[in-house]
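Report on one structure; see the data block that follows.
The values are calculated or read from the model by the stated rules, or taken from the named source; none is laboratory data. Here the structure is a predicted model, which means the values were calculated and not measured. Every residue, glycine among them, receives a Cβ derived from its backbone with ideal geometry; neighbour counts consider all protein chains shown. With ligands, DNA and RNA removed, areas are computed over all heavy atoms of the protein, side chains included. Shrake-Rupley method; radii C 1.70, N 1.55, O 1.52, S 1.80 Å.
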Amino acid sequence: MKNIMKITIIMVSSLLVACTTFSQKIEAPKLDSAIVKADRLIETDTRVFFKNVESLIVYSQGEIIFEKYYNGFNKDSLHQIQSQTKSIVALLMGIAIDKRYVKSENELVSHYFPDYFNKNDELKSTVTIRDLLTMSAGFEWEEMLPFNDPKNDNINMFNSRNWLNYSLSRPMAKKPFTEFKYNSGCPMIVAGIIEKATKMKLDEFAKKYLFDPLGIVKYRWLKDSTGFCHAGGGLFLKPMDMIKIGVLVMDKGKWKNHQLISEDWIKKATSSYMSTSFDISFYGYFWWIRDRRTMGKTTKVLSAEGAGGQKLYIFPEYKLIVAFTEHNYTTPQVSPIFIEESVLPLLK
């Protein structure tokens, strides 16, 4: 397929981007230069991980300043966003709470699935929606294993063809809300709660309350034999539509002067609850949070992350969003290198 690409680089004449009272400064010419360098590496470097980049989009101070697609992909190509799906499911739970379909994230899961969460298991009966959202429900679960490992619960769940039932049926290993344990079954249960509470399928609820308002019209979900959406990694979106999700979160739930999600929920979703077993990150409600030290100060970086290099980075203080799609499942990912070596040094 012939490469189709669109590049938009907005150069500013002043040294600094005009910032609002509440945003920090970033030197636009240096950011432009970093982007051009990254683009050149992706286009010309022969190392396989650069060849596996599919898109790069940068949004700064209210504008798309760079948008490009690689290796046969174009602006209309759908990408499986993998576990970034979880971050979107967290937003959908926020909407369900805002609209009073669900009382709060502190509600017991047993209210929705009493056959699976009951007094027969004291620990399991205390699991809340919050525990699911923070990956701290305490279930017995292992997925940080090779795909062909028979103990990999994520693969076993997928192969079960009834993803919600598999997730609900897991026994307990720990007291809830005491330890982070990455678990792709947790968003399945959250999705199941949304469906029970709203009496709508997850994809229908997402379309009505999130995708339609954002103008997201082209997408698809993986579904199991029961028609249940894969809430842990089965959503396919266009990269530019993932940027819309980033803008919505960065603007505290507001989109074009409409409050789609309450500011209170966005604050909760992007607050740190659990230190994770991955690098220096903390975990919110299916969102990753890192406090990065740069140029003598600490800045908060939010991210929605999926396997293979599907990354959405949000720098709220700088009104900056960087989005990558890649196919680097067994090879190094480009986006963390770009953030570490090219973006963080520019933040003042």
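Values for this structure:
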{"read-out": "Of residues in region 251-282 being open to solvent by 90 Å² or more (accessible area, probe 1.4 Å) and in contact (Cβ under 8 Å) with a residue 40 or more places away in the chain, the one nearest to residue 209 (Cα to Cα)", "value": "258"}
{"read-out": "Hits in region 56-93 (condition: within 16 Å of the chain's Cα centre (by Cα) and among the hydroxyl-bearing types (Ser, Thr, Tyr))", "value": "83, 85, 87"}
{"read-out": "Residue within region 335-348 that is over 18 Å from residue 82 (Cα atoms), touching a residue at least 60 places away in the same chain (Cβ under 8 Å), of a type outside the set (Phe, Trp, Tyr) and surrounded by 22 or more Cβ atoms within 10 Å (Cβ to Cβ) present", "value": "yes"}
{"read-out": "Matching entry among 171, 187 (being more than 22 Å from residue 88 (Cβ to Cβ) and either open to solvent by 20 Å² or more (accessible area, probe 1.4 Å) or not aromatic (Phe, Trp, Tyr) (or both))", "value": "171"}
{"read-out": "Counted residues, region 247-265 - those being more than 23 Å from residue 132 (Cβ to Cβ) and not basic (Lys, Arg)", "value": "7"}
{"read-out": "Condition met for residue 312 (of a type outside the set (Asp, Glu) and touching a residue at least 60 places away in the same chain (Cβ under 8 Å))", "value": "yes"}
{"read-out": "Residue count, region 307-333 (criterion: open to solvent by 10 Å² or more (accessible area, probe 1.4 Å) and not in a strand (DSSP E or B))", "value": "10"}
{"read-out": "Residue ID - surrounded by the fewest Cβ atoms within 10 Å (Cβ to Cβ), chosen from residues in region 223-233 that are closer than 22 Å to residue 102 by Cβ and in contact with a strand residue (DSSP E or B) (Cβ under 7 Å, 6 or more places away or on another chain)", "value": "230"}
{"read-out": "Matching residues, region 81-103, being outside any loop (DSSP other than H, G, I, E, B) and surrounded by fewer than 20 Cβ atoms within 10 Å (Cβ to Cβ)", "value": "98"}
{"read-out": "Filtered residues of region 131-146 (kept if among the acidic types (Asp, Glu), part of a loop (DSSP other than H, G, I, E, B) and in contact (Cβ under 8 Å) with a residue 12 or more places away in the chain)", "value": "140, 143"}
{"read-out": "Region 188-216, subset more than 19 Å from the chain's Cα centre (by Cα) and in a loop (DSSP other than H, G, I, E, B), residue farthest from residue 70 (Cα to Cα)", "value": "199"}
{"read-out": "Flag if residue 106 is part of a loop (DSSP other than H, G, I, E, B) and in contact (Cβ under 8 Å) with a residue 40 or more places away in the chain", "value": "no"}
{"read-out": "Residue 37 vs. criteria crowded, with 20+ Cβ neighbours inside 10 Å, modelled with pLDDT of 95 or more and outside any loop (DSSP other than H, G, I, E, B)", "value": "no"}
{"read-out": "Filter result for residue 304 (assigned to a strand (DSSP E or B) and not basic (Lys, Arg))", "value": "yes"}
{"read-out": "Hits in region 118-130 - residues which are in contact with a Lys or Arg (Cβ under 7 Å, 6 or more places away or on another chain) and in contact (Cβ under 8 Å) with a residue 40 or more places away in the chain", "value": "123"}
{"read-out": "Count of residues meeting criterion [free of Cβ contacts under 8 Å to residues at least 12 places away in the same chain and surrounded by fewer than 16 Cβ atoms within 10 Å (Cβ to Cβ)] in region 196-222", "value": "5"}
{"read-out": "Boolean, residue 115 is part of a loop (DSSP other than H, G, I, E, B), over 26 Å from residue 330 (Cβ atoms) and acidic (Asp, Glu)", "value": "yes"}
{"read-out": "For residue 305: the one exception among (1) over 25 Å from residue 167 (Cα atoms); (2) touching a residue at least 60 places away in the same chain (Cβ under 8 Å); (3) among the charged types (D, E, K, R)", "value": "(1)"}
{"read-out": "Hits in region 40-55 (condition: under 14 Å from residue 326 (Cβ atoms) and either acidic (Asp, Glu) or touching an Asp or Glu at 6+ places or on another chain (Cβ under 7 Å) (or both))", "value": "45, 52, 53, 54"}
{"read-out": "Residue 154, sole failed condition from (1) open to solvent by less than 50 Å² (accessible area, probe 1.4 Å); (2) free of Cβ contacts under 8 Å to residues at least 60 places away in the same chain", "value": "(2)"}
